[in-house]
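Report on the following structure.
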Amino acid sequence: MMGTLAGFLGKEMKQALRDPRMRILLFLAPIVQLILFGVAISNDVKNIRLFVQFDSADIVLQHVSERALASRWFLPANADRNSDPFELLRAGKIDAAVIPPPGGLTRAIARGDADLQLLVNATNVLQAQSVDSYLRNIVTRVVQEDMKLEPLEAPIRFDTRVLYNATLETSYFMVPGVMAMLMIINTMILTSMSITREKEMGTFEMLISAPVTVSEVVFGKTIPYMVLGMATLPLILGVAVIGFNVPMRGSLLMITIASLAFVCTAVAIGTLISTFAQNQQQSMMGGFLFLFPAVLLSGLFFPIENMPIAMKWMAYVDPVTHYLALLRNIMLKGGELDFALQRIGILTLMALVTGYISFKRFHTTLQ
Amino acid sequence: MSFRWSRTAAIARKEVFHVLRDPFTLGLALGLPVFMVLLFGFAIEFNVKNVHLAVFDADHTRTSRQVIDTFGSSGYFIIDRVPSPEGAFHALSGDHDRAALIIPGDFQKNLYAGRTAQAQLLLDGSDNSTVGPIISYIGSIQTLAGRRIAGFDPPEPVHFKSRFLFNSELNSRWFVIPGLAVVVMAILAVLLTALAVAREWENGSMELLLSTPVQPLEIIVGKLAPYAALGIAALAFVYLMSRTVFAVPFRGSLLVYGVGCLLFLGAYLAQGLLISVLTRNQLVAMQVAIMTGLIPANLLSGFVFPIESMPAFFQYLTMIMPVRWLTVIARESYLKGATFTEMWEPFAALTILCVVMVLLATRKFKTDLEP
């Protein structure tokens, strides 16, 4: 039995890595995605084109404008001072505009009826909210300084500290997320496509007539992808820690065990998909049908707390949710033992259940 | 021999049969958009609610209870009491809570003595989807607590009023769903095409097709037409869902939006074809299609992550990506109602990209066939 299995494993490994392009892709794809997630994208607000309508006598508003432009958030709008801010916004020449009360802000404050209006392009909701609160802060501070107002001490103050990621580095959040995504893409889709390829090429029939048992076929076809999946772990962990300075505060053993449980689940799901699919195109589409909700509901992009109850349940049965929580907990928080055990337990249970179902289905297909 | 529509139609008919015979693929191709729109429409809400807040109250006074009550009644937080400050830390590190409030024993005493009463608020910085919004709530809760408990109402020299143009209620769905059409089309166009054509190479049936009197161009058009139809069907579906189920306004012209989508579809179908010709293997084709089609559609299109926030290199890189331009066209058409002349830039870019892609793909396809 072991001999057959070993032969199978060797064949499968060779097949997966025979194509030099595949070898490159298998290791290049993770790096490219890590770079995209770690460097390119962020929810930070930057380079908002701000248009402030002030005349030279309006000192307070001039200071507001200077203060805003001194930060990385805003760029000066390339527009004539007298142009209509609505038109500029509509034409997409600016992203936000500050409109003073008639006669200028400085004089209006002296009069005691200063209404300052902000117009902001809200097609991007997140950006619009941040711009609003940021400018509000700047205006409050500048007015306080310019009007020589005594800064009033608030009676109740919350001393706020952000733990585990004090400077809110985007890469700290994103890199564990992309690690989870990469682990599942590389294992689940490759497993299901490689099994369906046998079906498509007709070599599956040959396997049935060969003197191998079903479990040998199943393990022979799946173990190589578990190995491949686990082999990408040190690669992406290395890039994450060395390339992006994401801290690794927990134990390597814990992260390895968590990853193993996750990879087994992913491979079991891949096998399950392959029992439904007739060809590679189908198995790939099936993989995506699983992958999209799995990644979107995992809490990587959108908070699970906000989802309607049905989707919350979907998120809880999603292995990516648990693996992502594990990665963040282990890498950023140092790995809380009861939490890790609980989540690894859930993943293991998922792997066993899916593994059992796909094994049963595989069995019926082979008979 | 010249291009003949009859032969093209024959290839297209064969491909349609191929898709129809395979209800699984068809179901997925049509099911995926449904699924994604529902998922995005219902799951996405950037304004975080129901954040679990661990609370340790060492003061046990009327004031401290009022502070906790201010958090609870804000609607953003769910209060979980913990027995000790260590318990609060533990709740954060064990992922039970996203934030922790620790009220020291001298809280009320300080307030009554005229000093600032300070409480410590700890936030879990490992989860970006909640920490940002929570930080933005704290300021207003602090002001509210000051007003309710100590009657502290600082004068406001300036009334700052914001108008959110094009999406005045800051509805997250209006922001996400228009961009979703782009992602759905990208999946259908690049992935399905790349795989369908790569399969012909893999099975050797491409050689067979080429030995018939059918011209290469006819093969291309015939093979791609059904997938273009699928893409358009998915697009129409996303549009109908967005208008009926999610009530996203469409303020622009359908014609302008449609032209943009067709240009995009052309570019992406050509890209799928190019990938299949270059790889001739479904597994490799899939990987390349994910890297060059799907990931850019999700991450570099401005769909969720703003392009202005990217480093300069990536900002330039997105210029050669059709997804960026169609996302602009979709959002401007839906929310702003922009006209063709207002959007000449994305249209020009999309046209150029489409022409270049089609030329590249057909050139490569033809040269590969020369004996």
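The values are calculated or read from the model by the stated rules, or taken from the named source; none is laboratory data. For clarity, every value in this text was computed on a predicted model and none was experimentally measured. Reconstructed Cβ throughout: ideal geometry from the backbone, glycine too, with neighbour counts over all protein chains shown. Ligands, DNA and RNA are stripped out before the accessible areas are found, and what is left, the full protein with its side chains, is counted by its heavy atoms. Shrake-Rupley method; radii C 1.70, N 1.55, O 1.52, S 1.80 Å.
Taking amide H positions as placed 1.01 Å from N in the peptide plane, with prolines and chain starts having none, which residues 5 or more places from A:Leu116, or on another chain, fall under 5 Å of its amide H?
Amide H neighbours of A:Leu116, under 5 Å, 5+ apart: B:His159, B:Phe160, B:Lys161.
For Cα pairs less than 8 Å apart in space and 6+ apart in sequence, what is the mean separation divided by the residue count of region B:79-137, i.e. the relative contact order in percent?
The value is 27 percent.
How much accessible surface area, in Å² rounded to 10, belongs to the heavy atoms of A:His63 with a 1.4 Å probe?
Around 70 Å² of this residue is reachable by solvent.
When Cβ neighbours within 10 Å are restricted to other protein chains, what is their mean count per residue of peptide A:124-134?
Going residue by residue through A:124-134 and averaging, the value is 6.
Provide the FRET efficiency to the nearest 0.05 for the A:Arg111-B:Arg243 pair, computing r from the beta carbons and using R0 = 41 Å.
0.30
Using only alpha carbon pairs under 8 Å that are at least six residues apart, calculate the relative contact order of region A:211-367 and give it in whole percent.
35
How high is the relative contact order of region B:51-150, given as a whole-number percent (alpha carbon pairs under 8 Å, six or more residues apart)?
On the way: 137 pairs, mean separation 33.1, N = 100.
Result for region B:51-150 is 33 percent.
Hey, what number do you get for the protein assembly as shown at 222 nm if only DSSP H runs of n ≥ 4 count, each worth -39500 (n - 2.57), divided across all residues, to the nearest 500?
-20500 deg cm²/dmol
Count of lysine pairs in chain A with Cα atoms under 28 Å apart, counting only pairs 8 or more residues apart in sequence or on different chains?
11
If a paramagnetic tag sat 7 Å from the Cα of B:Ser168 along the Cα-Cβ line, which residues of region B:229-251 would have the backbone N under 18 Å from that point?
B:247-251
Got a sec? What order do B:Tyr227, B:Tyr316, A:Tyr172 fall in by accessible area at 1.4 Å, biggest, i.e. largest, first?
If we order B:Tyr227, B:Tyr316, A:Tyr172 from most to least accessible, we get B:Tyr316, A:Tyr172, B:Tyr227.
If you take every DSSP beta bridge whose two residues both sit in the protein assembly as shown, what share of them, in percent to the nearest 5, is antiparallel?
That works out to approximately 20 percent antiparallel.
Determine which residues of region B:170-194 fall in the zone a paramagnetic label at B:Lys49 would reach in this model, i.e. backbone nitrogen under 19 Å from the point 7 Å along Cα→Cβ.
B:170-176
Taking 30 Å as R0, compute the FRET efficiency from the Cβ-Cβ separation of A:Glu205 and A:Thr4 and round it to 0.05. Intermediate values should be presented prior to the final figure.
On the way: r = 18 Å, r/R0 = 0.60.
About 0.95, to the nearest 0.05.
Let me know the mean shielding of A:169-181 by other chains, meaning the per-residue number of their Cβ atoms within 10 Å of its Cβ.
Other-chain Cβ atoms within 10 Å of each residue's Cβ, averaged: 2.
Could you name the aspartates and glutamates in cross-link range of B:Lys161, using Cα to Cα under 16 Å and dropping any fewer than eight places away on the same chain?
Of all the aspartates and glutamates, those that pass the test against B:Lys161 - Cα under 16 Å, at least 8 places apart if same chain - are A:Asp113, A:Asp115, A:Asp132, B:Glu169.
Under 20 Å from the Cα of B:Lys109, which aspartates and glutamates turn up, not counting those fewer than eight places away in the same chain?
Result set, ordered by chain and number: A:Glu153, A:Asp159, B:Asp57, B:Asp59, B:Asp69.
Pop out the carbon and sulfur fraction of the accessible area of region B:51-150 as a percent, whole number, probe 1.4 Å.
With neighbouring chains kept in place, the figure for region B:51-150 is 52 percent.
Per residue of A:37-45, what is the mean number of Cβ atoms on other protein chains within 10 angstrom of that residue's Cβ?
That average works out to 6.
What distance in nm lies between label points placed 7 Å from Cα along the C-beta direction at A:Ser251 and A:Ala310?
Here the modelled spin labels are 4.3 nm apart.
What ranking, highest mean first, results for peptides A:266-273, B:214-221, B:145-152 when packing means the other Cβ atoms within 10 Å averaged over each residue?
Result, highest mean first: A:266-273, B:214-221, B:145-152.
Ignoring everything but the protein chains, give the 1.4 Å probe accessible area of A:Ser71 in square angstrom, nearest 10.
The accessible area comes out at roughly 20 Å².
Compute the normalised compactness of region B:51-150: alpha-carbon radius of gyration over 2.2 N^0.38 Å, N being the residue count.
1.03
Counting heavy atoms of the protein chains only and a 1.4 Å probe, report the per residue accessible area for chain A as a whole number of Å². List each step's numbers first, then the result.
On the way: 15260 Å² over 367 residues.
About 42 Å² of surface per residue is accessible.
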